[in-house]
4 protein chains.
Amino acid sequence: MSAIIPSTLVALLHGPDQPGLVARVSGWIFERGGNILHADQHRDMEAGVFFQRVEWVPPTSADAGTMAQEFEVMGRSLGMNTHVADRTRRARVALFVSKFDHCFHDLLLRWKTGDYAADFVVVVSNHPDLADAARGYGVPFHHLPVTPATKSEAEARQLALLRELKVDLVVMARYMQVLSAEFLRSAPPVINIHHSFLPAFAGGKPYHQAYERGVKLIGATAHYATAVLDDGPIIQQDVARVNHRQEVQDLVRVGRDLERLVLAQAVRVHLENRVLVYGKRTVVFE
Amino acid sequence: MSAIIPSTLVALLHGPDQPGLVARVSGWIFERGGNILHADQHRDMEAGVFFQRVEWVPPTSADAGTMAQEFEVMGRSLGMNTHVADRTRRARVALFVSKFDHCFHDLLLRWKTGDYAADFVVVVSNHPDLADAARGYGVPFHHLPVTPATKSEAEARQLALLRELKVDLVVMARYMQVLSAEFLRSAPPVINIHHSFLPAFAGGKPYHQAYERGVKLIGATAHYATAVLDDGPIIQQDVARVNHRQEVQDLVRVGRDLERLVLAQAVRVHLENRVLVYGKRTVVFE
Amino acid sequence: MSAIIPSTLVALLHGPDQPGLVARVSGWIFERGGNILHADQHRDMEAGVFFQRVEWVPPTSADAGTMAQEFEVMGRSLGMNTHVADRTRRARVALFVSKFDHCFHDLLLRWKTGDYAADFVVVVSNHPDLADAARGYGVPFHHLPVTPATKSEAEARQLALLRELKVDLVVMARYMQVLSAEFLRSAPPVINIHHSFLPAFAGGKPYHQAYERGVKLIGATAHYATAVLDDGPIIQQDVARVNHRQEVQDLVRVGRDLERLVLAQAVRVHLENRVLVYGKRTVVFE
Amino acid sequence: MSAIIPSTLVALLHGPDQPGLVARVSGWIFERGGNILHADQHRDMEAGVFFQRVEWVPPTSADAGTMAQEFEVMGRSLGMNTHVADRTRRARVALFVSKFDHCFHDLLLRWKTGDYAADFVVVVSNHPDLADAARGYGVPFHHLPVTPATKSEAEARQLALLRELKVDLVVMARYMQVLSAEFLRSAPPVINIHHSFLPAFAGGKPYHQAYERGVKLIGATAHYATAVLDDGPIIQQDVARVNHRQEVQDLVRVGRDLERLVLAQAVRVHLENRVLVYGKRTVVFE
């Protein structure tokens, strides 16, 4: 939990392309005494959309919160969808889990190592199995069982909890429930890990599907959850080679490592404000 | 074209598992003075199927052709689907192409380097573009135009050509026509390269599909062609990482390298008698 | 810890090649009512050495221990270096650690998940930091400080502990001490993880070396420890892509994932009796 | 040879970091009516060095050559090492080869496909073998034999040829001679491909070295040639997995694909003005 947090502001902008955007944004920061550390931009030539991530150190004389607000005003005046994050403010993360614990342990161990400038503030599960383990990491655990009959009530309690704890990000670490469109409309961003190379093998039992089809690589995909199952904007994907000697249980074992790595990378780039979503696609500034 | 061809026999067997198969097969070869160089076997535990590839040097006293036939009799007496190839006999390959030339050049250059113990005996194309290039490699070129109206006639001429030239393998090196079920029933095995990570993005314009979906990896798949498009048993697959900076034309460029490598590897393992097909899956002994 | 342990025997053999080895070994097992599940062999053509791994189910009538001993006698009569493991007997593993905990947690979590048919019987460390964590996994922790003055005494105590606990394998999970040649002569096999792509960047601070050299990939290498530092037979290696944006601390972070995966894979293949060492090379039957 | 060449200017700058560099550079271009397409920058925090690649469309009213010169003056006034390339001007490339032809064919086929906005203007070889093949691609071939006695004379003739043909880049496509420090001082930039994962296995016969050491991955490295053999700044590297079944000749075969891909990628990023060298490291803006 000791990651060095640079005292920087990070802006993510996107909107209709126009000449001079790089100059205007960098000029605005320079004139106010800010020092740009990183500035990445991208143009979608076909769609005519401009994307930018810019990270800067505000002058010591300035109030970071005020400068962030003023930047947002400036960005919007350029017709840009603009969001500024203050990296000294640690994001608050909720972990949704069921019984599988590999992604759960992986994320919490990375957090303890200091990989994430964030706080894991709660573990929510529809099963009680990981209660002790969560507390071992010092994170409160909430057991909220979900049945078809109680699902909407359970989701209402989850939402209340997220609001109460001021959660900025929900990570579904192999949480084995589909979140409703209603939940997703009210919740902060939700990152899910699907255990296949999407769009191949969406839905249930992807390792069984992969085995049946006889693919030579299996994959994992981290994406933002949307109302359509396994269809949200993809943040990160990876694959591993398999062969005929490996049965379904071996694919599951190999896949656990993929799931852990891919989800951890997606959570990291999200928390570092490197991801811009537009339509079904993401721009990940790395 | 100078690959050293070992004077060996290669048997591929598969069938219902039973105790003693490894001992019986290796014993049969040993008793007849053969020397096993490689023996790989695999059991599909769930399906109860045994697979074996065994490669051996026949005794100098034996006629390889006779030993091959006797082995096939023995294998079938064990209830095994059995095929023996004499590696001193070079397989005869037909290349089907259209206008894209990257897989075409790649396969023929590997052949010239001696990577394949085979002969490329003909290039067949529905376009005349690659005629000179084929002749530059010393391979006869047949231009057989295909239109919806002439397709069945063109396929009949293709089949006649394959029979006349005693072709053992057809390689579709970005041949932009779908082969009919009738053609595939009468033709030798056909390997196709599809420019996506199947089963994702089957059908047309897979790089466009991949771009639209915003995947973070693109792929290529070599498979045996079957009557159902892009659905045949997969021999080899690979992927490459892409990012938001890459437009469709960049995916096409990166994909060309994938297609070349994946198709070349699939052709190599097929020609080395390393591939066993069962159902929609393959066992590739490497 | 619930891995299903097949009631099988696994033999590893290697020695001078001669005709009929596959037939003799498989025949011996078949005649005694054993059922071969897997049999992999390899010939080093240049050196004239034969290698085999064969795994079989003994007949229910036989005593596994007796059959193992008889197989070893038979193998040696063929001039083969022969070792048979009974997979129903769980190997006993000692973990050597210092302060870094990523490989430590990774191995113990995999063990708890049931990936390894083995028992982690002790954690030995020259620092007290991981004592509580080890006990949290239910594994006894021994703090044995090492200074230049006390090294040989500490190693003697380590060896006594390994003997007392009947340890079969020592895993150095980022243990930051060099084990002496004397220790290695008396100890069971020792697997070490080095945080570079050996033979590049042997010795200290490999991530700093990699950064200075400007490589585009960083690596990790799991190998058997020998008297010469970072020079033992390699079991597994992997790499990850890095770029100019990544400073040394980023290489360290990315490298942690490599170290975890590579060490875990090496430990798995060793525990499944898949690794044969000869000279500075290994044959890994997978 | 039909790559669409954008009418753009590309500047590469590096020098001591100071506040406002991004703003000043982008402001300069904006004020003169230029439209920035891409702007990437990087800071080496430890060394305090700023790097930038900026690509822009000059206003139609401006002369591109004049704007390039003025930008260089401006960049130098900021203390930056500055170079501007006009992408409408096709770079002129010389290919140095010996007998191996896989990289030779690969680069020339990519060129014919239109992957490179450059002209391959000459093939130079110390052997006559590839003369016909070069002419088949329409590229003049110069046979300049090299012996220890004639090496300095041969290099003088090579340099004269490079000057005469206004060559911008030399690519050593498995050219089996070491270029002298004198040659390198006078020549344009030289990219070499080494068939190992440098710094492992520098010098001769790297695949044999890799085989002897028993590594589990083999590699290839493209780097700028410097006076110290295999020690120049690395542009690109990649690896492929190998196993105990693969003998040296198999490593050579697998390595050919690595060499082709890695060299082709290095040549592409160089020709697109994406590479900045400092010390032994490179910044590759991709």
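Taken along its three principal axes, the alpha carbon spread of the range C:9-86 comes to 42, 19, 18 Å, from the longest extent down to the shortest. Bridgeable aspartates and glutamates around C:Lys151 (alpha carbons under 14 Å apart, same-chain partners fewer than 8 residues away excluded): C:Glu182. For D:Ala131, the distances from its label point to the matching points in the remaining copies are 3.1, 8.0, 8.6 nm, ordered from shortest, with each point set 7 Å beyond Cα toward Cβ. For chain A, the longest principal axis of the C-alpha atoms and the axis of helix A:102-113 are separated by about 40°.
Distances between copies of A:Gln18, taken at a point 7 Å out from Cα along the Cα→Cβ vector and listed shortest first: 3.2, 8.1, 8.7 nm. Would you work out the Kirkwood radius for the range D:91-284? I mean one over the mean of 1/r across all pairs of different Cα atoms, in Å. About 17.0 Å for the range D:91-284. Among the trypsin sites (Lys or Arg not before Pro) found in the range D:137-240, those both in a DSSP coil and sparsely packed, with 12 or fewer other Cβ atoms within 10 Å of their Cβ, are D:Lys166.
A dipole drawn for chain B from +1 and -1 charges on Cβ atoms has a positive end, and of B:Phe120, B:Val73, B:Leu37 the residue lying farthest that way is B:Phe120. In the protein assembly as shown, helical runs assigned H by DSSP with n ≥ 4 each contribute -39500 (n - 2.57); averaged across all residues and rounded to the nearest 500, the mean residue ellipticity at 222 nm is -10500 deg cm²/dmol. Ranked for footprinting exposure by Cβ neighbours inside 10 Å, fewest first, C:Asp129, A:Asp230 give C:Asp129, A:Asp230.
In chain C, the beta-carbon sitting nearest the axis that superposes C on D belongs to the residue given here with its distance in angstrom, C:Ala200, 2.
Its Cα gyration tensor gives the protein assembly as shown an equivalent ellipsoid, and the semi-axes of that ellipsoid, as √(5λ) in whole Å with the largest first, are 46, 41, 31. I'd like the orientation of helix D:64-77 relative to chain D: the angle between its Cα long axis and the longest Cα principal axis, in ° from 0 to 90, rounded to 10. In chain D, helix D:64-77 runs at an angle near 80 degrees to the longest axis.
Distances between copies of D:Arg90, taken at a point 7 Å out from Cα along the Cα→Cβ vector and listed shortest first: 3.7, 5.9, 6.9 nm. In the structure shown, the pairs C:Lys280/D:Lys205; A:Lys216/B:Lys280; A:Lys99/B:Lys280; B:Lys216/B:Lys280 are assessed against 21 Å; a Cα-Cα span above that value is assigned to A:Lys99/B:Lys280; B:Lys216/B:Lys280.
Helix A:151-164 and the long axis of chain A differ in direction by around 40°, with both axes built from C-alpha atoms.
When the P(r) of the range C:20-132 is calculated, the portion above 18 Å amounts to 63% of the C-alpha pairs.
Between the range D:57-129 and the range C:207-286, what is the C-alpha centre distance in whole Å? Answer, in whole Å: 38.
Since every read-out is calculated from the coordinates, none of them should be taken as a lab result. Keep in mind it's a predicted model, so treat the numbers as computed, not measured. FYI the Cβ positions are ideal-geometry reconstructions off the backbone, even for glycines, and counts take in every protein chain you see.
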